[in-house]
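First comes the structure, then the notes that go with it.
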Amino acid sequence: MSSPEFNQMLLSNADFLKPFAVNLTRDTEAANDLYQETLYKALANQEKYNAGTNIKAWLFTIMRNIFINNYRRKAKQKTIFDNTPNDYLINLKQATVSNDAESDMRIKEIKKAIQQLPEIFKTPFLLYFDGYKYNEIAEVLNEPLGTIKSRIHFARKLLKEQINRF
C-alpha cells in the first residue's frame, strides 16, 4: 500500500478515535494527547499495517496500548518503596493518652529555672521568648545587638544545664 493511500485511509478512520480516547482518559486534554500520539505511532509504523485488515481495530489497539503503557509508567512513578520495618503498626489500635501531670511538672520546672537565671540574662531571654526580635530587645534595653545575642545564648545554655532531660 502506498503512503498517500494509507494516509487517506488513516484520516477517514481517525474520527472514531476521539470518543475512544475520551472514554479511556476521562479528560479532554489527555484525550487529545493520546489521539495525536496514536496517529503519530500509526504513521511511524505504516509498514506494519497489513493491507486488507480492519484499520479501525488496528488504530484502536495502538491507542489502547499507548494508554496502558502511559498508565503503568505513571503508576511506577507514584510508587514509593519503604524499606523500614513497620513494627509500630502491630499495636496501631492502641491509643496513647497524654500525661498532663507530667507536662505540668515540666512547665513548672522550666519556669523555676528561668526565674533562677541572673537578671542580666533573664530579661533579654524573656523578651526574646515573648517574640521580640534581637534588634528590638537591644533598643529596649539600650544595649549593643551583639551583647543581647550573647546574653540570650548564655541564658539558653544555663537553662539546658539546669533542666533535667529524660
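Structure notes:
- Hits in region 23-81 (condition: in a loop (DSSP other than H, G, I, E, B) and either at negative phi or not charged (D, E, K, R) (or both)): Asp27, Asn45, Tyr49, Asn50, Ala51, Gly52, Thr53, Asn54, Thr79, Ile80, Phe81
- Filtering region 117-137 to residues that are surrounded by 13 or more Cβ atoms within 10 Å (Cβ to Cβ) and either touching a Gly at 6+ places or on another chain (Cβ under 9 Å) or of a type in the set (Asp, Glu) (or both) leaves only Glu136.
- Test: residue in region 119-141 that is over 30 Å from Ser2 (Cα atoms), in a loop (DSSP other than H, G, I, E, B), at pLDDT 90 or above and more than 35 Å from the chain's Cα centre (by Cα): no
The values are calculated or read from the model by the stated rules, or taken from the named source; none is laboratory data. Just so it is clear, the model here is predicted, and its values are computed rather than measured. For neighbour counting, all protein chains shown are included, and Cβ atoms are generated from backbone atoms with ideal geometry for every residue, glycine included.
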